Structures are given as C-alpha cells and as structure tokens.
Amino acid sequence: MAELLLSPPMLLMLGSVVLAAAPRNVLPRTVLRALLLALPVYSLWRFWGLDLGDYAQFELFGQTLTLVRIDPLSRIFVVIFHLAALIGSVYSFYVRDNFQPLVGVFYAGSALGVVLAGDLWTLFLFWEVAAVSSALLVWVRRSGRAAGAGLRYLGMQMVSGVLLLAGIVLLRHEVGAAPGWAEFRNLTGFLENGGLGFSNLAATLIFLAFGLKAAFPLLHSWLIDAYPESTPAGAVFLSAFTTKFAIYALARAFPGQSELIWIGALMTAFPIFFAVIENDLRRVLAYSMTNQLGFMVVGIGIGTELAINGAVAHAFADILFKGLLFMAMGAVLYRVGHVNGSDLGGLYKSMPITTGLCIVGAASISAFPLFSAFATKSLIMSAAVYKEYFWLWLVLLFASAGVFHHAGIKIPFFAFFHHDSGIRCKEAPRSMIVAMVLAAAASMAIGLFPLAEMWFGVANPFYALLPYPVDYDVYTTTHVITQSQLLFFSALAFATLMRTGLYPPELRSVNLDADWLYRRVGLRIWDGVATAFVALHRAGYATAGRLAATALETAQRHLGPQGFLGRSWLTASMALWVAVLLAAYLVVFYWRLG
Amino acid sequence: MAHHDHGKHGGKSYWLDRKGNVAKVFYALIAVDVLWLAADFFHKKKAEFDAWGGWADGGFGFYPVYGFVGAFLLVLAAKQMRRVLMRSEDYYERRRDGGAS
C-alpha cells in the first residue's frame, strides 16, 4: 500500500490534494509552499533509489494493473517531469493564491502516471486525469477568451481520450487481460523495421490518440488556441507535460514507424510560417512548440537508437528552454498586461534580467553551440544523415534556420529591443527570476556537458540518462562551424529584412489556423442546421396554429351564441321538425317496400 | 529598428538608443558572418550526401547560403500568407455580439 501511495504519480497528486484541503489557519502560506516544493523533491529522491522494474501493482475488476514500470525510456521522463513541476511551482509563487501551483503539481503527477504506466488501462486513466487537470490551468485566467479556449481544449483532449479508449477496448477484446506494451506490439503485428501497416484498427486509433496530443498537423490547433490564453504560470505548466508524454507514448508504441518521419517533417516546417506573422508572442511560442515536437516525431519515425535518443533528449531540453521562454513572456505579460509584439519594445531597459534569461532560452532553442538544443537536436539531424534521408535533412535544416528566426530572434527582439514602446515597468518578481535562472542553468548545463566530457573526461550525466548508450561527438569542428554558419546567416537575413523594411510589421491581428474549421466553418454549419430546424419548427407550428384557429373560428360561428346551431329554438318548431323527419322516414319506408 | 526615442522616457540614455550604434551592430554581424564564411576555406568538410555533387553538406558556403536564403524566403512567403489568413483581432468574438446568428 505504501508503495502505491508513495509512487511518484500518487505522491504528487494526493500530496497536492491534501495541501489544497488543509485549512488556512493550520497551514500558513509559506509552510504550504515549502511542503509543495518538497513534494517533487522527495518524490524524485525516492524514485532515484529504485531499480528498473515493476512496482505498485494492484488488482482492479479482476485485472492486474501496474502503476509503476521503470525502464530507461520512462526514467528520463520521470526526472524531467519532477524538475518541471519544481520549476513551475517556484515560478507561480508570484501570485498570493496557491491554486495554480497546486493544480500544476497535481497535473505533473498525472503526467508521471502516464509515463510510468505498465499497462494501457493505467495509461488511459492518467491520460484523462491530465486532460481535466490541465484544462483548469487554462480556465484559471478567468477571462472570456480563456473560458472558450479551455472548453475547446478540453473537447479535443476528450477526443484523444475516446480514441485511446476505443483502441484499448479493441485490444482488450483480443488479449483478454489488461493490455501492456508487449501485448500491444505482438497484437498489432509490429515489425521492427517499418512499423505496422495500420491494418489493425486498434493500433490506428491509438496512433491518432497519441498524435492528437503530440499536435500532429491539423490536430494541433488546440495547442495554439489554448496555451496562450492561460496565465503566465499556467502556460509554463501546460508547455511541459501533455505534449511531452505524447512524445513518450509515441516513442514507446511506434518507434521506427515510417509515417512519423513525414508527419514530423510537416510539423517542423509549417508552424514557422505562422510564427513569423503572429503578433501574440506566447502564441509564437506555441507555434515553435509544434515545430520542436516535429523534430522529436521525426526522431521517433527514424527509429534508430541514435534517433530515439535524440527525440527523448530533445523532449527533455525542450521542457527547459520552452519553459524558460514561456516564463520570460509570462513575466512580460504579468508586468505589462499583454504580449503583443506590435505594442512592445525597449523592455530591456526595465527588465534587464528577464531579457538576459530570455536570450539564454532563445540561444538554447536555436541550438547555438554551448546551449542545450545543440546537444540534443543534433542527434536527430545526424540520424537523418546516417539513414541518408536527403530531402528530410533539407527540411529539418530549413526548420532549424526558421526556429532561430522566429523563436531565437523574434521573441527577444520584439519584446525587449526593437523601437522603444515607452513602456516602463518593474523587473519580474523574484520567484519568476529564480525559476528562470534554474531553467537557464539547466539548459546551459545540457549544452556544456559534452564539452566537459571532451575536454576534462567528466562523464556526461545527461547522456547517461538517455534510453540507449550514446556514442556521439557533438562538438566536432564541422558541426560547430556549419551550425554557426546556418544561424548567423539566418540572423543576417533577419537584419537585412529589417533594415530594408521588407520585414512584415507586427500587426494586431488573428491568423486563421486549423481551428477555423470548427470555430467558424463548423459553427456556421451548426448555425445553418439550427436555423433550418428552427425555421421548420416555426413553419410547422404556424401551420398547425392556423388550422386550429380556422377550426375554432368555424365552430364559434356555428355554435356560438349568434351561431345558427347555438340559437334558442322554439319547442313547437322542434316538434314540427320531428314530425317532418318522421314523415320523411315513412315515405322512404313505403317507397322501399313498393 | 526604425524609430528611436533617445532615452526620453526613462531619462537614462542607452547605448542602443543612438541610431548609429544600431548600424554598428548590423556591420558587426556582417563582419562575423564573413568570418564564418571564411572558415570554409580552412576547414574541409566530408560530404555525407551525393546529392548536388556533394555540395549540399560538403561544399563551400552551402550552410551560409541555405541559412540566408531559407530565412529570407520564409519571411517573404509568410508575409504573402497574411493576405489569405489575416483577420481583425476580434474576429472570433464578433459573432457573439450579434453577428451571423
């Protein structure tokens, strides 16, 4: 029982519920916050002491479920999810209210449940808990827009849940027990090379369920729609978990699935066009998140040990640097009240520390040498080269230049530099700065570890966490030179476009994306159906009403006080008419006889 | 980089507020780029791909050209996408205030 309650998912989820339920006079805010931070720290420390294997198994409805299965793939996600919960909580202490960190830690617990799940039922359970708890983090903004976005977000998450459930039920039907990952592979006829043919319906449904949360093209708009509508802290928590456990799930169930290569390539290339013209800087980050997820999906699709290592390492690094960028933009949102590129500029004067930390995040996502993505994305790029995917490699290279363009330059440039908007505000609150420093330090550490290994022979603790052994030199002369060339010339393109006035100005606007299909087209169709139904209903109602009115009028005319049949008749006239009737009857009777 | 308020809001004058200094940053970037391009003279790369006669990842100036042209065309293409995709800021909200339905 203790093993169950003290497992990472349960510890974080139950812990945050207990803290939320504790009365205020028993637990002062500072104590509550200390305990809240202690949760992920203690959980990670406990987890670190465990060997690989299955833990916390229990019986439910006659099936054996495994809450915790530690293997090299789940281990690294467990580590980064704990770090993300910790950093996000520290960041969110800028508000007096503890609702956000409590929900954030609970949500982190459910994400841990997903990556540790030893069977698909357990996975599904946490998949749904994560959907609901993360929707709270959108709604916590308490604005009309956030309310709508949160609802659409939850709707899409539920679609993923239903697809997953349908897939699992089909699998369960074939296995007759709680399906685990091994059964999944056996039953879906998974081939080591080339993946499965999607002839298996269960596998297809599960693929789509994972793909929706990993923001596959056309299934991605919930992310772009909802994350930027959250609070500063809410977006930091949101950016860390859902998409990354989807990447974990894909890496677990579909490594080497060749369709993923081109799905991922589309994901890396398309969002950057949208990011260039987007005005809301946190929405730019949401687009760049889809782009980064694309690199991971490509890595899973290639499926070699190097590529899977790259995908997982990049997921780890992305949580840190994307979190850092969301935190920096969250600090601007908190101090200025908006993050519209069109109305910002010159904030480096007011927020120099945030500016510096944002630049570290920008350098990290752009994969500059010495920064994290250089040591992670390169694994995926090299895996593509080794498998001789030439066109894929060109797309990824273009996307890398594009990342630097919109996330590396656009974000810090339009927020902190550009022309002075005249906005003067305070530097970010201390809690925000502490959290950003933690994420920045971790991002730099990931970039510097391989160098320390090369120069001083210090073993790289980050690469040691990866699912497969790493035999890869990141800091080769060729790699440093080519990457720097790509990035610096991409910067030159930006500077040239700015100085020649060709660069599109930041405009207050909304750009249509796939969500237009359900927010506009779908709504129009729904409106049309509803209008037609109402019209039909009204027409039917009116006709029935008219008929009833006519009947009533006729009856009234004949039976009313003035009506022919409603008049008072003389008894004598009635007797006369009866006599006439009897006479007529007599005539007919004799005529019939004759 | 078009407008500069010579530190008139904060009272304090910053180095980047002077227009000439922004130009200096631009020229410094060009200088750095020239140096990175020159690196191709001194360091020979091994081509992994046969495509394009091995120029793609082994030839002189491939990465600089690809980075510059890629980023340049990216922005120009995105700019054209605005014609189709851009709507006013309250596009999705307008409907509720007595629009279509």
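Considering only helices (runs of 4 or more DSSP H) fully contained in segment A:248-362, which possess at least 3 residues that are among the charged types (D, E, K, R) and at pLDDT 95 or above? Working first, answer last.
Numbers: elements: A:259-277, A:281-302, A:305-336.
It comes to none.
Of all residues being β-branched (V, I, T) and part of a helix (DSSP H, G or I) in segment A:133-164, which is most open to solvent (accessible area, probe 1.4 Å)? Just the residue, please. Talk me through it step by step, then tell me what you get.
Kept after step one, since they are β-branched (V, I, T), are these residues of segment A:133-164: A:138, A:140, A:159, A:162.
From the residues that got through so far, the ones that are part of a helix (DSSP H, G or I) too are A:138, A:159, A:162.
Working: A:V138: 0, A:V159: 68, A:V162: 95 Å².
This residue is A:V162.
List every residue pair whose Cβ atoms sit under 6 Å apart, with the two residues 6 or more apart in sequence or on different chains, where the first one lies in segment B:37-56 and is in a loop (DSSP other than H, G, I, E, B) and the second, anywhere, is surrounded by 14 or more Cβ atoms within 10 Å (Cβ to Cβ) and aliphatic (A, V, I, L, M).
Matching pairs, first to second residue: B:H43/A:I481; B:E48/A:V385; B:F49/B:A56.
Could you pull out the residue among A:A34, A:A111 that is out of contact with any Gly (no Cβ under 9 Å at 6 or more places or on another chain) and crowded, with 21+ Cβ neighbours inside 10 Å? Even if it seems obvious, please write down each step before you answer.
Details: A:A34 fails: crowded, with 21+ Cβ neighbours inside 10 Å.
It is A:A111.
Output the residue which, of all residues in segment A:53-96 that are basic (K, R) and within 30 Å of A:I308 (Cα to Cα), is nearest to the chain's Cα centre (by Cα). Step through it out loud before you land on a result.
Restricting attention to segment A:53-96, the residues satisfying the condition of being basic (K, R) are A:69, A:75, A:96.
Next, only the ones that are within 30 Å of A:I308 (Cα to Cα) stay: A:69, A:75.
Details: A:R69: 24, A:R75: 22 Å.
Ranking the qualifying residues of segment A:53-96, first place goes to A:R75.
Of all the residues that make up segment A:453-471, how many are surrounded by fewer than 20 Cβ atoms within 10 Å (Cβ to Cβ) and assigned to a helix (DSSP H, G or I)?
The qualifying residues number 7.
Restricting attention to segment A:472-515, which residues are part of a helix (DSSP H, G or I) and more than 9 Å from chain B (Cβ to nearest Cβ)?
Selection gives A:H479, A:V480.
So, in segment A:3-31, exactly how many residues are open to solvent by less than 60 Å² (accessible area, probe 1.4 Å) and touching a residue at least 24 places away in the same chain (Cβ under 8 Å)?
Looking only at that region, the number is 13.
Which numbered condition trips up A:Y518, out of (1) surrounded by fewer than 19 Cβ atoms within 10 Å (Cβ to Cβ); (2) within 10 Å of chain B (Cβ to nearest Cβ); (3) in a helix (DSSP H, G or I)?
With (1) surrounded by fewer than 19 Cβ atoms within 10 Å (Cβ to Cβ); (2) within 10 Å of chain B (Cβ to nearest Cβ); (3) in a helix (DSSP H, G or I) applied to A:Y518, the lone miss is (2).
Go through segment A:229-277 and report how many residues are surrounded by 24 or more Cβ atoms within 10 Å (Cβ to Cβ), within 16 Å of A:G299 (Cβ to Cβ) and of a type in the set (S, T, N, Q).
Residues flagged as surrounded by 24 or more Cβ atoms within 10 Å (Cβ to Cβ), within 16 Å of A:G299 (Cβ to Cβ) and of a type in the set (S, T, N, Q) within segment A:229-277 amount to 2.
Between A:A215, A:A269, which is touching a helix residue (DSSP H, G or I) at 6+ places or on another chain (Cβ under 8 Å) and away from every other protein chain (no Cβ under 14 Å)?
Numbers: A:A269 fails: away from every other protein chain (no Cβ under 14 Å).
Only one candidate qualifies: A:A215.
Might you check whether a residue that is part of a helix (DSSP H, G or I), away from chain B (no Cβ under 13 Å) and open to solvent by 30 Å² or more (accessible area, probe 1.4 Å) occurs anywhere in segment A:423-430?
Here is the first cut: in segment A:423-430, the ones part of a helix (DSSP H, G or I) are A:430.
Filter once more, keeping what is away from chain B (no Cβ under 13 Å): A:430.
Within this subset, residues satisfying the condition of being open to solvent by 30 Å² or more (accessible area, probe 1.4 Å) are A:430.
Within segment A:423-430, one or more residues are part of a helix (DSSP H, G or I), away from chain B (no Cβ under 13 Å) and open to solvent by 30 Å² or more (accessible area, probe 1.4 Å).
Can you spot a residue in segment A:122-132 that is within 16 Å of A:A251 (Cβ to Cβ) and open to solvent by less than 10 Å² (accessible area, probe 1.4 Å)?
Kept after step one, since they are within 16 Å of A:A251 (Cβ to Cβ), are these residues of segment A:122-132: A:123, A:127.
With the extra rule that they be open to solvent by less than 10 Å² (accessible area, probe 1.4 Å), the set shrinks to A:123, A:127.
Yes, the conditions are met somewhere in segment A:122-132.
Take the residues in segment A:440-481 that are within 34 Å of the chain's Cα centre (by Cα) and of a type in the set (D, E), then tell me which one is nearest to A:G303 (Cα to Cα).
Taking the candidates together, the pick is A:D471.
For segment B:77-95, give me each residue that is more than 7 Å from chain A (Cβ to nearest Cβ) and at pLDDT 85 or above.
Of everything in segment B:77-95, just one residue is more than 7 Å from chain A (Cβ to nearest Cβ) and at pLDDT 85 or above, namely B:Q80.
Output the residues belonging to segment B:40-60 that are surrounded by fewer than 16 Cβ atoms within 10 Å (Cβ to Cβ) and within 8 Å of another protein chain (Cβ to nearest Cβ).
Residues satisfying the conditions are B:H43, B:K46, B:A51.
The values are calculated or read from the model by the stated rules, or taken from the named source; none is laboratory data. Nothing here was measured: the structure is a model prediction, and the numbers come from that model. As a convention, Cβ positions derive from the backbone with ideal geometry for all residues, glycine included, and neighbour counts pool all protein chains shown. Side chains included, ligands, DNA and RNA excluded: accessible areas come from the protein's heavy atoms. Shrake-Rupley method; radii C 1.70, N 1.55, O 1.52, S 1.80 Å.
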